[in-house]
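A.B. asks: Pasting in a structure now, in structure tokens, and then I'll have a few things to ask.
The values are calculated or read from the model by the stated rules, or taken from the named source; none is laboratory data. Keep in mind it's a predicted model, so treat the numbers as computed, not measured. Cβ placement follows ideal geometry from the backbone for every residue including glycine, while neighbour counts extend to all protein chains displayed.
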Amino acid sequence: MEPSKVQSEGGLNVTLTIRLLMHGKEVGSIIGKKGETVKKMREESGARINISEGNCPERIVTITGPTDAIFKAFAMIAYKFEEDIINSMSNSPATSKPPVTLRLVVPASQCGSLIGKGGSKIKEMRESTGAQVQVAGDMLPNSTERAVTISGTPEAIIQCVKQICVVMLESPPKGATIPYRPKPASTPVIFSGGQAYTIQGQYAIPHPDVWMPVPRPVLMNSPFPMI
């Protein structure tokens, strides 16, 4: 293997960013009481774990760091989700354990490499890891990213993420990527001075890039926000 290629066990320390799409409930599980779970994950994995702001039904969890730190963080998330599944089953009549499912958000320009010619790469990933991998046919709203759903045992998911990381490092995204941003739970959006604002309480907040309250409420009828 040439030194430029990433060894599957993170032999080459390359910094990578992986984005995950999670439901609010899953995010709550990752954050934990008073943020203890995510703090422990950050400390033990050495990866940076950021969770998007906002009262959205979906949130983006960004994991950045050297490849081995990313794999550790993923392992911790996968095992946490498995623990949640086991806990929820203790009060239900279900006997078979449902798989752990993670949703990655990947630039569409890299999805071709993940799928491979005639689906060869994705088939190889499924067979070698035992995880189910699906690449969404459509892009996520207002973005150039697609959801990649991985489900299986935590071990299968970790092996699969390692393979996906190798593919992503070998074929970087082409052109500019418009990242997917989850929409807040049906908050009205107003346009003023070429900028979109969402109404939160008494403030109009620039949407969706800057989550900073405007010091004074925006006058709804003025062409420009009064800052």
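A.B. asks: Among the numbered criteria (1) over 23 Å from residue 65 (Cβ atoms); (2) touching a residue at least 40 places away in the same chain (Cβ under 8 Å); (3) surrounded by fewer than 19 Cβ atoms within 10 Å (Cβ to Cβ), which one does residue 140 miss?
C.D. replies: Residue 140 satisfies every listed condition except (3).
A.B. asks: State whether one or more residues within region 3-12 are of a type in the set (Ser, Thr, Tyr) and either at pLDDT below 90 or surrounded by fewer than 19 Cβ atoms within 10 Å (Cβ to Cβ) (or both).
C.D. replies: Filtering region 3-12 down to residues of a type in the set (Ser, Thr, Tyr) leaves 4, 8.
When the remaining residues are screened for being either at pLDDT below 90 or surrounded by fewer than 19 Cβ atoms within 10 Å (Cβ to Cβ) (or both), the result is 4, 8.
Yes, region 3-12 contains at least one residue that is of a type in the set (Ser, Thr, Tyr) and either at pLDDT below 90 or surrounded by fewer than 19 Cβ atoms within 10 Å (Cβ to Cβ) (or both).
A.B. asks: May I ask you to list pairs of residues, at least six apart or on different chains, whose Cβ atoms are under 8 Å apart, with the first in region 85-102 being surrounded by 10 or more Cβ atoms within 10 Å (Cβ to Cβ) and the second being part of a strand (DSSP E or B) and not hydroxyl-bearing (Ser, Thr, Tyr)?
C.D. replies: If the second residue must be part of a strand (DSSP E or B) and not hydroxyl-bearing (Ser, Thr, Tyr), the pairs left are 85/100; 99/132; 99/152; 100/152; 101/150; 102/20; 102/150.
A.B. asks: Check region 113-124 and report whether any residue there is over 23 Å from residue 174 (Cβ atoms), assigned to a helix (DSSP H, G or I), modelled with pLDDT of 95 or more and not small (Gly, Ala, Ser). Don't jump to the end; show me each part of the working.
C.D. replies: Keep residues of region 113-124 that are over 23 Å from residue 174 (Cβ atoms), which gives 123.
Subsequent filtering for residues that are assigned to a helix (DSSP H, G or I) retains 123.
If we keep only those that are modelled with pLDDT of 95 or more too, we end up with 123.
Now drop any that are not not small (Gly, Ala, Ser), which leaves 123.
Checked against the condition, which is being over 23 Å from residue 174 (Cβ atoms), assigned to a helix (DSSP H, G or I), modelled with pLDDT of 95 or more and not small (Gly, Ala, Ser), region 113-124 yields at least one hit.
A.B. asks: Can you pull out the residues in region 143-157 that are part of a loop (DSSP other than H, G, I, E, B) and either more than 16 Å from residue 182 (Cβ to Cβ) or without any contact (Cβ under 8 Å) to a residue 24 or more places away in the chain (or both)?
C.D. replies: Pass one, region 143-157, residues part of a loop (DSSP other than H, G, I, E, B): 143-144, 153.
Matches in region 143-157: 153 only.
A.B. asks: With farther than 28 Å from residue 178 by Cβ and not acidic (Asp, Glu) as the only criterion, which of 55, 91 stands out? Even if it seems obvious, please write down each step before you answer.
C.D. replies: Values: 55 fails: farther than 28 Å from residue 178 by Cβ.
Being farther than 28 Å from residue 178 by Cβ and not acidic (Asp, Glu) holds for just one of 55, 91, which is 91.
A.B. asks: Hey, could you check region 27-66 for residues that are at pLDDT below 95 and acidic (Asp, Glu) and say which is surrounded by the fewest Cβ atoms within 10 Å (Cβ to Cβ)?
C.D. replies: 53
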